[in-house]
Every structure is written in structure tokens, then in C-alpha cells.
1. Just need a number here: residues in region 427-443 that are open to solvent by 70 Å² or more (accessible area, probe 1.4 Å) and modelled with pLDDT of 80 or more.
2. Which of the residues that make up region 599-625 are surrounded by fewer than 20 Cβ atoms within 10 Å (Cβ to Cβ) and either without any contact (Cβ under 8 Å) to a residue 40 or more places away in the chain or among the aliphatic types (A, V, I, L, M) (or both)?
3. Step by step: first the residues of region 32-77, then only those that are of a type in the set (Asp, Glu) and out of contact with any strand residue (DSSP E or B) (no Cβ under 9 Å at 6 or more places or on another chain), then the one that is surrounded by the most Cβ atoms within 10 Å (Cβ to Cβ). Which residue is that?
4. Can you tell me which residue is nearest to Leu143 (Cα to Cα) among those in region 332-388 that are β-branched (Val, Ile, Thr) and part of a helix (DSSP H, G or I)?
5. Any idea how many residues of region 85-115 are open to solvent by less than 30 Å² (accessible area, probe 1.4 Å) and farther than 19 Å from Met67 by Cα?
6. Output the number of the condition that Arg377 fails; it satisfies all remaining conditions of (1) within 30 Å of Phe275 (Cβ to Cβ); (2) basic (Lys, Arg); (3) at pLDDT below 90.
7. Only one of Leu472, Leu479 is modelled with pLDDT under 80 and either more than 23 Å from Tyr179 (Cβ to Cβ) or open to solvent by 60 Å² or more (accessible area, probe 1.4 Å) (or both). Can you tell me which?
8. Got at least one residue in region 497-517 being assigned to a helix (DSSP H, G or I), in contact with a helix residue (DSSP H, G or I) (Cβ under 8 Å, 6 or more places away or on another chain), aliphatic (A, V, I, L, M) and farther than 30 Å from Lys370 by Cα?
Amino acid sequence: MGAIAAIISESPQLNNSLERLTECLKSYQHEALNQLYYGRAGFSCAHQWVTPESEGEILPLLQNNYMIVADCIIDNRYELSQDLGIKTSHSKLMSDTQLILESYKKWGNKCVKKLIGDFAFIIWDSQREVCFAARDFSGTRTLYFSHTDDYLTICTTMEPLLRAFDINPEINEAWVAEYIAIPTFLDAVTVDSTIYTNIKQIPPSHSLEYKAGTINIKKYAAIDFTKQIVFQSDDQYEEMFRNILERAVRDRLRTNGKIGTYLSGGLDSTSVTAFAARNAKDKLYSYSVLPKHNFQDWTDKSLVPDESEYIQSFLELYPEIKPTFLRFEDQSLLSNLNNQISILETPFKFVPNMFWLEGVTYRAKQDGVKVLLNGARGNFTISHGSLEINLSAYRRLIKRGKLIKVNKELKQFCNYYRTGRKKMFPYLLKKEVLSQGVYESIIDKNFAACHRTVEKLSSIGLTERGLKNPALSRNNHFLHDGSWNKNGVLDTKMSLETGVWNRDPTNDLRLIQFCLAIPEEQFWKNGLDRSLIRRSMKEYLPVEIITNYFSRGMQAADTILRLEKEWNDLINEFKEMLHHPLIRSWTSTILLHEYIKELENAEGQEELIKLRFVSLIRLLTLYRLVVNKERKGVKL
């Protein structure tokens with residue numbers, strides 16, 4: 001595990017090329033740095049020893065006719081070993097990379113369907129003269145490639161592919177158009193594309209096969225959307241939910257370092273942390289981010305910027321946890337932005353959160369943590385649901401004539417949410433209006449038309465204003481292979497920088513399959529939004545969290561406050577940005593001029609959630625990447 005690289009070439013200069021690739025990996029955190037040649041293939045690895053089985057492991061690994069290098073933690077080791085016919089006493093001594101290689105030997109390219117965990121790997125099969133590489137179903141670990149007539153190069157990161165071969169990066173304007181036009185956190189629709197035209201990525205849920213100079217990228221079906229799970233009682237759903245979630249957490253505790261968790265006051269992170277505390281053999285570290293001390297809450301009652309009260313109520317149930325509360329008093333989204341862009345190698349949209357995500361990871365590293373758990377995908381899995389989903393379900397019941405059932409559900413709903421059925425029935429009988437939000441795209445219309453951006457967004461259920469049908473947001477999320485790619489970019493590259501692996505049990509393939517296969521009703525029944533997790537975890541979480549029906553945590557609510565001293569500098573940079581020829585060709589500068597003028601006169605922290613600030617701050621990371629490259633003499 002760690003940064004991996006490969007080159008497949010007919011050129012006699014293979015040795016020199018691999019040397020340059022390996023040299024580029026030196027800057028990443030590693031315990032061992034090695035390279036290996038075998039025939040037309042050369043592999044290298046800046047290896048991090050994160051699990052007990054990986055300690056002392058030398059990668060790349062050469063075995064018979066195969067060479068492999070892998071950036072991986074496999075979570076279904078026991079089942080995989082059973083399927084491979086490997087005795088438990090022997091498999092306990094095998095590294096995850098060895099298990100992947102044995103899987104490839106037995107199942108060939110289909111081995112990827114047998115693996116559960118976070119992985120990216122490259123195999124050279126000398127007998128078949130084939131290079132085979134793959135990423136896990138959600139793209140938790142990154143893998144990029146560059147292809148010419150002379151060679152194929154693959155690497156965990158993009159920069160070595162550019163530097164090792166003196167390639168001048170070319171801005172991929174089709175990718176830029178998608179990045180600017182998409183109103184969500186998704187970076188691009190085209191899943192194999194990157195910010196550069198001369199570098200592509202193996203998409204999540206895909207494998208790459210390279211033979212005789214030809215690349216074949218193929219999708220493998222990890223999630224079975226046709227599967228259905230039906231039990232006789234709610235208790236059975238709840239018990240299975242707990243078993244699968246606890247297993248997902250327990251499998252991610254396998255490390256030779258310490259274990260930490262992101263801990264907020266919500267259902268996702270507390271559920272993950274509760275099971276981690278129950279299963280961790282050593283002390284568990286938790287990290288919670290709070291607003292600045294002088295923050296004054298400007299949000300409405302449905303949002304909670306400071307979740308410390310909920311967190312404290314949780315910690316009282318689990319006194320064995322060692323908590324750390326972080327405020328990052330002197331930090332803002334601008335504090336380390338250039339370095340963050342350099343680490344991630346791409347523009348990104350989660351700008352207000354990046355400084356504390358980075359800060360927590362560095363603090364965990366100081367504590368000796370190697371695995372840092374989170375519940376980032378929980379909204380789409382374990383805590384799927386919302387008031388809107390409940391109300392939409394009640395409308396469907398009315399249309400189907402299930403009046404007795406809807407009356408029962410509505411009675412419970414009104415009891416929890418302190419309203420009356422007489423108020424709710426007229427609202428439910430109205431025709432449902434699917435809101436698309438108020439997002440107005442800042443992309444230049446001609447630029448968008450040139451790259452058929454609107455059509456691309458439409459192909460995955462998006463418009464320039466948001467989802468075509470918000471009720472189908474979870475389906476869209478799992479159907480699009482790139483929906484979690486940004487998390488893979490963040491987690492992979494922060495682990496290369498710090499040696500700390502962010503791992504998400506709520507992104508476990510077994511858990512996702514369960515949550516998609518059970519009846520939708522389990523997430524809204526008994527009048528509760530996010531019903532399944534509330535019912536299932538009531539013995540494990542404090543009542544304050546289980547019965548918090550009215551509010552959700554809000555991250556980075558103090559973003560504008562943190563920019564107080566830098567506000568004028570930020571406005572001036574926005575103005576400079578609009579003079580850059582590339583930005584002018586990509587965006588509607590008239591609209592952006594209006595946004596900047598409005599921001600100059602703006603007052604109040606609520607600017608954080610307004611379109612003008614969101615649009616400009618996301619564009620800023622793209623602008624900074626371009627300018628930073630140009631300052632280094634790179635022609636784009």
C-alpha cells in the first residue's frame with residue numbers, strides 16, 4: 001500500500017524511465033521504496049506498512065510468471081481465503097497484495113468482483129503478455145495512466161507521469177466545462193477524464209487491460225441493483241443492519257498503528273464510533289471540529305454548527321474514547337490552499353471543509369493514528385432518509401389507496417414532529433413539485449455548447465440547476481461511477497502526504513448492497529425520517545442523538561468569519577481571476593462581475609450558502625491551479 005507506479009514498454013530505455021518514476025515517489029510517506037523489472041514491465045512502490053501483514057513486505061512482488069504492486073487494504077480476507085482454498089493458518093501470514101495475486105491466478109480479470117476493501121493494483125502477466133490494473137468499486141484509491149505508441153505508464157498520482165517523461169500538461173477543457181457546470185460536488189461526468197488531456201484515470205468499478213499496444217477499459221458490476229432482501233419483521237432488518245455495520249467497522253480496525261475516528265454529533269459518525277469503541281483492542285482516538293470561539297450562530301433552527309453537546313452526550317456512554325476537540329482558530333480556507341491544490345493535483349469543490357479535513361489528518365498523525373474512520377457515505381447508506389422522503393412516501397401511499405397505512409404513518413409522524421394531521425393532509429394532497437434549486441451556472445454558454453456539457457449532465461440526471469428529480473438522488477449517486485471519486489482523490493493523496501488512511505465503513509460494499517436491497521419503507525416507516533438507523537442504534541447511542549428529529553449538523557458555518565481579515569484580499573483575487581484569458585473564455589464574466597460586486601457590499605456570515613460565494617470559491621481552485629503551473633513556467 002502507498003504510491004505505486006508501472007511502465008510497460010518495448011523501449012530499451014525502460015530502466016531509465018522506471019528510475020525516474022521511482023524517484024518521483026520518494027516525496028510520499030513510505031517505509032520502503034523499491035522497484036523491479038520483469039521483461040517489458042517495470043514496477044515501483046513507495047510502500048506504507050499500515051496493516052500487521054504488510055510489515056516488512058517488499059513490493060513490487062515477483063512470483064512465478066506474475067509481478068504485482070498494490071495500494072490496498074482488503075476487508076474480506078477470511079472469505080477470500082476460503083474461496084481460494086488457503087488454510088487460515090497460512091492466510092493469516094499473507095499480505096493483502098498476495099491475496100489479490102492469488103485471486104488473479106484463480107479467477108483472472110474477474111478477481112475484482114471477489115475483492116472487498118479499498119484497492120488499486122497493477123499486475124504484469126508475463127505468460128499472457130498482459131498488464132492488468134483495477135480500482136475498487138467506489139474509487140477509494142486513485143490510479144492514473146498515460147499512453148503513447150511506445151509505452152503505457154500507470155501511477156497513483158498524476159505528477160510522476162508528467163515529470164518522469166517531461167510531459168507538458170494540457171488542460172482538458174471538456175473536463176473544465178463539466179467541473180464548472182455541475183452544481184453538486186461531483187467534479188466531472190466523464191469518469192475516465194482528468195484536468196489534463198494527456199492523463200486519464202481508471203474509473204471506479206473499472207479495470208484496464210493492456211496487450212499488444214491496445215488498452216481495453218472495462219466496467220465490472222460490483223453492486224447488484226436487482227437484489228432484494230425481505231424479512232418477516234422489523235427486528236430482523238435491525239439486527240442484520242447492526243451485524244453488517246459492525247462487521248464493516250471491525251474489518252477496518254486492522255492496523256499496526258492507532259485508530260481514530262471523525263466524531264460529530266450526527267447518526268453516522270456516532271454509529272461508526274460506537275462500534276469502533278466496542279471492537280477496538282486499544283484506546284480509540286476521536287477528533288471533533290468546532291467553530292471558532294467568537295462564532296455567533298447565524299443559522300436557522302434546523303442546523304447545528306456547534307455539535308459539542310451531542311458529542312459530549314455520546315462520549316459519556318463511551319468513556320474509553322480519548323477525545324480531541326479542534327477549533328483551528330487561526331485557519332481559513334485560504335490558509336493553505338495552494339498546498340492543498342498541489343496535494344490533490346486537481347481543482348476541488350469542498351473548499352470550506354478542506355482546511356479542517358487536512359488539519360484533523362495531521363493531528364491524527366501526531367497521535368500515531370494510521371487508520372482514521374469516518375461515516376462520509378452514511379447519508380446514502382445507513383442514514384438514508386429525510387422529511388422530504390417521508391412525505392413523498394406518504395403521497396405514494398395515497399395514490400395507491402393505502403389510506404389506513406398512510407393514516408397510521410402520518411399519526412406517528414405528527415407525534416414526532418409536533419404537528420397535526422389536519423395540517424398535513426392538504427399539503428400531501430397537493431401535486432408534488434420537484435425543486436431544482438436556484439443554481440445559475442457561471443459557465444459560458446458557447447463554451448458549454450462546444451463540449452456538449454448540458455447533454456452530458458442530462459445523461460446522469462443533472463441539469464445546470466441541480467438534479468432533474470431530487471427524489472432519485474440516491475439512485476443517481478450509486479448508478480454514476482464517478483460519484484465518490486472526489487473522496488478517493490482526497491483520501492488517497494492525504495494518505496500519501498501523512499501516512500494516515502481515511503477509511504469509511506459506511507462505504508462498505510456489503511453494507512451498500514444491504515441498504516439498496518431492503519424495502520425502501522425501512523428508511524421512513526413508523527413516522528420517522530432515517531428510521532432504520534434510529535431504530536437499530538437506540539441501545540448504542542444517547543437518546544439526545546436518536547431523538548434529534550429537527551436538526552442536522554452544519555460543517556464550516558464559520559467560514560466567512562474566518563475570512564474576516566482576508567476578505568478584501570479575496571475580493572481582489574476574484575477580480576484578478578476574471579482578467580485571466582482562460583477564465584474569461586470558460587465563464588460568464590458578466591455574471592461573475594455581478595457576483596463580485598454583490599460580495600463587496602455583502603454583510604453577514606450567511607454568504608457561505610449563497611450562490612455567488614459558492615461559485616467563486618470553487619472557481620478559485622481552478623484558477624489557482626492554472627496560475628501556479630504558469631508561474632513554474634508550464635505552458636497550458
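1. Residues flagged as open to solvent by 70 Å² or more (accessible area, probe 1.4 Å) and modelled with pLDDT of 80 or more within region 427-443 amount to 0.
2. Leu599, Glu600, Asn601, Ala602, Glu603, Ile609, Lys610, Leu611, Val614
3. Within region 32-77, the match that is surrounded by the most Cβ atoms within 10 Å (Cβ to Cβ) is Glu53.
4. Per the criteria, the residue is Ile343.
5. Of the residues in region 85-115, 2 are open to solvent by less than 30 Å² (accessible area, probe 1.4 Å) and farther than 19 Å from Met67 by Cα.
6. (3)
7. Leu472
8. The answer is yes; a qualifying residue exists.
The values are calculated or read from the model by the stated rules, or taken from the named source; none is laboratory data. Please read these numbers as outputs of a predicted model, since none were measured by experiment. Here the Cβ is made from the backbone with ideal geometry for all residues, glycine too, and neighbour counts use every protein chain on show. What goes into the accessible areas is simple: the full protein's heavy atoms, side chains included, and nothing from ligands, DNA or RNA. Shrake-Rupley method; radii C 1.70, N 1.55, O 1.52, S 1.80 Å.
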